[in-house]
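These notes are about the structure you will find just below.
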Amino acid sequence: YYIPENGEVKKKGILMALADGMGGRMGGAVASKIAVDVLLDEYYKDDSMDIPDSLNRAFLRANEEVLAKSIKDIKLGGMGTTLTAAVVKGDKLYHAHVGDSRGYIISKNEMSQFTEDHSYVASLVKAGVISEEETATHPDGNIVLKAIGLDSNLKVDAPRTYQRLKKNQFILL
């Protein structure tokens, strides 16, 4: 997570991010570092007070940077990363997400997922083809359908709505 200086926390909130790289050990590590660095920079640089729009633009910029790096360096070709970000501003939680790295709100006796996996097995569950339990052993359980660095026409999940956080709730990415 990153807590900005110069009063930006009041304007843009506290940004937390998780990136899980893919595409070989080196490519995945490079992709995830680029994605998080660009996300942080672009989000706080954006003058808009519209948090979902700022997150969406920052994700798209991170996608452009990872794609450009993978084209420039053949050893990194095909690299990508999941990216999940949460912004807490006051008692409001906003998020943006691509891939299958999850975001949860944890309360005393409850944990609720606020992201939706962009994976092949999640699409099978949603379609009613397999059960949630079958995802753990499915042979295609590692196939991610949406991620940073895979497609120049990336569609980011950045809901316009927010969730209200209550005292003693925690965010887990």
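The values are calculated or read from the model by the stated rules, or taken from the named source; none is laboratory data. The structure displayed is predicted, hence computed values, not measured ones. Counting neighbours? That spans all protein chains shown, and the Cβs are built from the backbone with ideal geometry, glycine included. Keep in mind that these areas ignore ligands, DNA and RNA; they rest on the heavy atoms of the full protein, side chains included. Shrake-Rupley method; radii C 1.70, N 1.55, O 1.52, S 1.80 Å.
I need the full set of residues from the stretch 130-145 which are in a loop (DSSP other than H, G, I, E, B) and open to solvent by less than 50 Å² (accessible area, probe 1.4 Å), in order please. Quick ask: steps written out before the conclusion?
Start the filter on the stretch 130-145 by keeping residues that are in a loop (DSSP other than H, G, I, E, B), which leaves 130-132, 138-143, 145.
Correct list: Ile130, Ser131, His138, Gly141.
Quick check on my filter: what residues within the stretch 20-39 are surrounded by fewer than 18 Cβ atoms within 10 Å (Cβ to Cβ), part of a helix (DSSP H, G or I) and not basic (Lys, Arg)? Correct list: Met26, Ala29, Asp37. When residues in the stretch 40-87 are screened for being within 17 Å of Ile14 (Cβ to Cβ), open to solvent by less than 60 Å² (accessible area, probe 1.4 Å) and part of a helix (DSSP H, G or I), 9 of them pass. Looking at this structure, is Ala127 closer than 29 Å to Met26 by Cβ and aliphatic (A, V, I, L, M)? So Ala127 does not fit the description; no. When the stretch 143-160 is examined, which residues are found to be among the β-branched types (Val, Ile, Thr) and either modelled with pLDDT of 95 or more or closer than 19 Å to Ala17 by Cβ (or both)? Result: Val144, Ile148, Val156. Pairs meeting the criteria (first residue in the stretch 59-82 and without any contact (Cβ under 8 Å) to a residue 24 or more places away in the chain, second residue open to solvent by less than 50 Å² (accessible area, probe 1.4 Å) and of a type outside the set (Asp, Glu), beta carbons under 6 Å, at least 6 apart or on different chains) are Arg61/Val38. The residues of the stretch 94-122 that are assigned to a loop (DSSP other than H, G, I, E, B), in contact (Cβ under 8 Å) with a residue 12 or more places away in the chain, closer than 17 Å to Phe170 by Cβ and open to solvent by 50 Å² or more (accessible area, probe 1.4 Å), listed by number, are Arg102, Lys108.
On the stretch given as the stretch 160-173, residues that are in contact with a Pro (Cβ under 9 Å, 6 or more places away or on another chain) and either over 28 Å from Asp91 (Cα atoms) or surrounded by fewer than 16 Cβ atoms within 10 Å (Cβ to Cβ) (or both) total 2.
Against the condition touching a residue at least 24 places away in the same chain (Cβ under 8 Å), open to solvent by 70 Å² or more (accessible area, probe 1.4 Å) and of a type in the set (D, E, K, R), how does Asp91 come out, does it pass?
On the way: touching a residue at least 24 places away in the same chain (Cβ under 8 Å): yes; open to solvent by 70 Å² or more (accessible area, probe 1.4 Å): no; of a type in the set (D, E, K, R): yes.
The answer is no for Asp91.
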